[in-house]
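J.: Sharing a structure here in structure tokens format.
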Amino acid sequence: MSEQAMTKPTADTPTANAPIMSGIGLKQHYPVKQGFMKPVGLVKALDGVSFSVEEGKTLAVVGESGCGKSTLARLLTMIEKPTEGELNFEGKNLLTLDRETAKELRQRIQIIFQNPYGSLNPRKKVGSILEEPLVINGKLTKAERKERALSLLQKVGLKPEHYDRYPHMFSGGQRQRIAIARGLMMNPKVVVADEPVSALDVSVQAQVLNLMMDLQQELNLAYVFISHDLSVVQHIADNVMVMYLGKVVEYGVTEDIFSNPQHPYTRALLSSTPRIDPDHRIEKIRLTGELPSPLNPPSGCAFHGRCEFANDRCKVETPALKDQANAASVACFGIEEGRLPYIKR
Amino acid sequence: MTETDKSLLKVHNLSVTFGTHDNPFTAVDRISFHVEQGEVLGIVGESGSGKSVSSLALMGLIDFPGRVTADELRFKDTDMQTLNEKARRKITGDDISMIFQDPMTSLNPSFTVGNQIMEAIEVHQGGSKKERLAKAIDLLRQVGIPAPESRINNYPHQLSGGMSQRIMIAMAIACDPKLLIADEPTTALDVTIQAQIIELLLTLQREKNMGLMLITHDLALVAEAADRVVVMYAGQIVESGPASEIFKAPKHPYTQALMNSLPESAEGQNRLNALSGVVPGANDRPDGCLLNPRCPYATDRCRVEEPEQLGPPGRQVKCFYPLDESGRPTV
């Protein structure tokens, strides 16, 4: 890890490198019909999320299902527009731009999905899957498109003869390589990877992660790496953002979070991740209960129902993300008041 | 393999074959292992390694055209191969029960969970409806479901993934099985819920002194939960032994490669130590040792000849050049 990565990331105070992409107070609320004559509910899938990613760096977004990490991916790639907030890319707010410029810029932000069996059209050959983004966005001729597709196939470790094959002829790992190649066709600056290796076997997972890291170095890509697997995150990420029920509970440099986790939820996540080496295991913290329904979130700190350190204040007030000295930013009254025991691995 | 009084299940040379007689495909190839009372046996392998198929074979759930053969398939003192369908069903479900990977699809969406648990009790133990209801509520309490009296009337769609898996566990332990087979019980669940479910399984296993077969692709999970481990690759067992020994000093190159490819093992390094290639499919199994195209230590002998299980009972490895303590192949 370089020296630069050690500086703490915050959304409003840019670090030495200006972030290539940042979000400020992003909110995404979905109205939900609960039935005839019943009031329309509001699911706060994202509730005030701020982040920033630098060129060539990886921001990992960690959390369990329902925490809003995939909603964040959809916002970043402009598949959806946030209800509120600001999304900046190369210094421009993507949400206030006119259509033409927005179309231009969104080509620089690409996404890789979790399941390579579902994200590749089974009726199309690999070649036309790869060239489709160029056909839609680019001005290249047919021959140039093919040339680019072939060069990217090679870059992700596939062979030229794979150009004319169909997705079903590939294994899971190879399909994910195709999906990565497709993501790179438009020369993106930012790649949003939504659980890119969770559907793969352990040995193949390592191959794909290596490929992603090689490509990052070669092309100076910024990754927003969405994952629930903390051991993968620890390896690949520069910064980590831990989310719970649409809010960021802890945000900071990877080393800080893994060596000195602050928020009780981060601690529980870390201790729940199984480890081979007994020395890597930390004291088990078992969370009781499950993620509350986002339709009817608890008052105060969303985590208080499962937190053993919660007091009356946590049940009423909502903690904000606060910077700390020598550790990650964290949203927890227990930390602010020094009520939580110190955990060091 | 050692056989003791505590031995619950003994399997010798179990094979499962699919496909036609002219073009057979061996999904599980002559595997032998045993499970003792009160122990956790972890079975690890990647997809296509045959770990699920072997558990289905044990439960008698392989249908035509799949063919199951074994030299020995013994549960306690009963030879399961000589039993007729009815007697075998008495054992599977009563003494051996199974939990599947995806709890959401294993439960019937049209019936309440109480109804489904009570059905399992009715088939194997009988009793009046009132007794069965009381037993079902008690089971829900044992698996840690809050307010079991009201939850029992819920339909599966009203439950979360973790809850559904708890219901599946309740059904599986309804008849006090001696052996519980858990096939990827936590793969579909979130990390914190996974930890809860594994802890529940291990607690129940200890309390009831059951044998537990934990089938998973997650090496770290097995390292934490299992007493003994069996590592499978392409339908064969490549290594078996106590969990503490295997994860400290793996003897088979495949086990070593699996462990090395985990991000946990690559701390401080930039790249992960990936194993090249993929698990061979049905029609591209190589000659000799099945790992030889991917194995960094393979020699000409490995490409022609298939290794036997070597080593003392209880710590076997299927390799000509098992790795020594420092992780180098012995010649």
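J.: Are any residues in the range B:164-190 surrounded by fewer than 22 Cβ atoms within 10 Å (Cβ to Cβ) and either free of Cβ contacts under 8 Å to residues at least 40 places away in the same chain or more than 28 Å from B:V35 (Cα to Cα) (or both), and if so, which ones?
T.: Hit for the range B:164-190 is B:D176, nothing else.
J.: Still on this structure: Which condition from (1) surrounded by fewer than 22 Cβ atoms within 10 Å (Cβ to Cβ); (2) touching a residue at least 40 places away in the same chain (Cβ under 8 Å) is the one that A:R106 breaks?
T.: (2)
J.: Next question. Out of the range A:225-241, which residues are within 9 Å of the chain's Cα centre (by Cα) and either without any contact (Cβ under 8 Å) to a residue 40 or more places away in the chain or surrounded by fewer than 24 Cβ atoms within 10 Å (Cβ to Cβ) (or both)?
T.: The one that is within 9 Å of the chain's Cα centre (by Cα) and either without any contact (Cβ under 8 Å) to a residue 40 or more places away in the chain or surrounded by fewer than 24 Cβ atoms within 10 Å (Cβ to Cβ) (or both): A:S227.
J.: Suppose we keep only residues that are among the acidic types (D, E) and not in a strand (DSSP E or B) within the range B:25-50. Which one would you say is surrounded by the fewest Cβ atoms within 10 Å (Cβ to Cβ)?
T.: Going residue by residue through the range B:25-50, those that are among the acidic types (D, E) are B:29, B:36, B:39, B:46.
Next, from what is left, pick out any that are not in a strand (DSSP E or B): B:39, B:46.
On the way: B:E39: 18, B:E46: 21.
The qualifying residue surrounded by the fewest Cβ atoms within 10 Å (Cβ to Cβ) is B:E39.
J.: Tell me, which helices (runs of 4 or more DSSP H) lie completely within the range B:86-189 with 3 or more residues that are among the hydrophobic types (A, V, I, L, M, F, W, C) and at pLDDT 90 or above?
T.: Working: elements: B:103-106, B:113-124, B:129-142, B:148-151, B:161-172.
Correct list: B:113-124, B:129-142, B:161-172.
J.: If you check A:A73, A:A60, which single one turns out to be within 30 Å of B:T186 (Cβ to Cβ) and part of a strand (DSSP E or B)? Can you show your working first?
T.: Values: A:A73 fails: part of a strand (DSSP E or B).
Checking each option against the conditions leaves just A:A60.
J.: If you don't mind, there's one more thing I want to ask. So if I check each of A:R267, A:R281, which one is surrounded by fewer than 23 Cβ atoms within 10 Å (Cβ to Cβ) and either more than 8 Å from chain B (Cβ to nearest Cβ) or in contact (Cβ under 8 Å) with a residue 12 or more places away in the chain (or both)? Break it down stepwise before answering.
T.: Details: A:R281 fails: either more than 8 Å from chain B (Cβ to nearest Cβ) or in contact (Cβ under 8 Å) with a residue 12 or more places away in the chain (or both).
Residue meeting the stated conditions: A:R267.
J.: Now a separate question. Mind checking which residues of the range B:190-210 are out of contact with any Asp or Glu (no Cβ under 9 Å at 6 or more places or on another chain), closer than 19 Å to B:L140 by Cβ and outside any helix (DSSP H, G or I)?
T.: Selection gives nothing.
J.: What residue, of A:L184, A:L200, is modelled with pLDDT under 90, under 30 Å from A:S52 (Cα atoms) and among the aliphatic types (A, V, I, L, M)?
T.: Working: A:L184 fails: modelled with pLDDT under 90.
Going through A:L184, A:L200 in turn, the sole match is A:L200.
J.: Show the residue pairs meeting these rules: Cβ distance below 9 Å; 6+ apart or different chains; first residue within the range A:319-345 and more than 13 Å from A:V248 (Cβ to Cβ) and modelled with pLDDT of 80 or more; second residue among the aliphatic types (A, V, I, L, M) and assigned to a loop (DSSP other than H, G, I, E, B).
T.: Close Cβ pairs (under 9 Å, with a partner that is among the aliphatic types (A, V, I, L, M) and assigned to a loop (DSSP other than H, G, I, E, B)) amount to A:F333/A:A310; A:G334/A:A310; A:G334/A:L340.
J.: Still on this model: What is the residue count in the range B:57-104 for residues that are over 16 Å from the mean Cα position of the chain (by Cα), within 22 Å of B:F18 (Cβ to Cβ) and free of Cβ contacts under 8 Å to residues at least 40 places away in the same chain?
T.: Of the residues in the range B:57-104, 6 are over 16 Å from the mean Cα position of the chain (by Cα), within 22 Å of B:F18 (Cβ to Cβ) and free of Cβ contacts under 8 Å to residues at least 40 places away in the same chain.
J.: Kindly indicate whether A:P292 is of a type outside the set (D, E), within 23 Å of the chain's Cα centre (by Cα), crowded, with 19+ Cβ neighbours inside 10 Å and within 14 Å of chain B (Cβ to nearest Cβ).
T.: Spelling it out, it is not the case that A:P292 is of a type outside the set (D, E), within 23 Å of the chain's Cα centre (by Cα), crowded, with 19+ Cβ neighbours inside 10 Å and within 14 Å of chain B (Cβ to nearest Cβ).
J.: If I filter the range A:184-224 down to residues being buried (at least 23 other Cβ atoms within 10 Å of the Cβ) and among the small types (G, A, S), which single residue comes out as farthest from the other protein chains (Cβ to nearest Cβ)?
T.: Result: A:A222.
J.: Residue check: is A:I257 aliphatic (A, V, I, L, M) and modelled with pLDDT under 90? Give the steps one after another, and end with the answer.
T.: On the way: aliphatic (A, V, I, L, M): yes; modelled with pLDDT under 90: no.
It is false that A:I257 is aliphatic (A, V, I, L, M) and modelled with pLDDT under 90.
J.: Any residue that is free of Cβ contacts under 8 Å to residues at least 24 places away in the same chain, within 29 Å of A:F51 (Cβ to Cβ) and away from chain B (no Cβ under 14 Å) - is there at least one of those in the range A:144-167?
T.: No.
J.: Quick one: how many residues across the range B:224-281 are without any contact (Cβ under 8 Å) to a residue 60 or more places away in the chain, part of a helix (DSSP H, G or I), out of contact with any His (no Cβ under 9 Å at 6 or more places or on another chain) and farther than 19 Å from B:S326 by Cβ?
T.: Qualifying residue count, the range B:224-281: 1.
J.: What number of residues within the range B:254-269 are more than 30 Å from B:P24 (Cβ to Cβ) and facing chain A (nearest Cβ under 7 Å)?
T.: Summing the residues that are more than 30 Å from B:P24 (Cβ to Cβ) and facing chain A (nearest Cβ under 7 Å) in the range B:254-269 gives 6.
J.: Checking the structure you have, find out if any residue of the range B:276-289 is buried (at least 17 other Cβ atoms within 10 Å of the Cβ), at pLDDT 90 or above and either within 24 Å of the chain's Cα centre (by Cα) or more than 13 Å from every other protein chain (Cβ to nearest Cβ) (or both).
T.: Yes: one or more hits.
The values are calculated or read from the model by the stated rules, or taken from the named source; none is laboratory data. Since this is a predicted model, take the numbers as computed values, not measurements. Because the Cβ atoms are built from the backbone with ideal geometry, glycine has one as well, and the counts that use them run over all protein chains shown.
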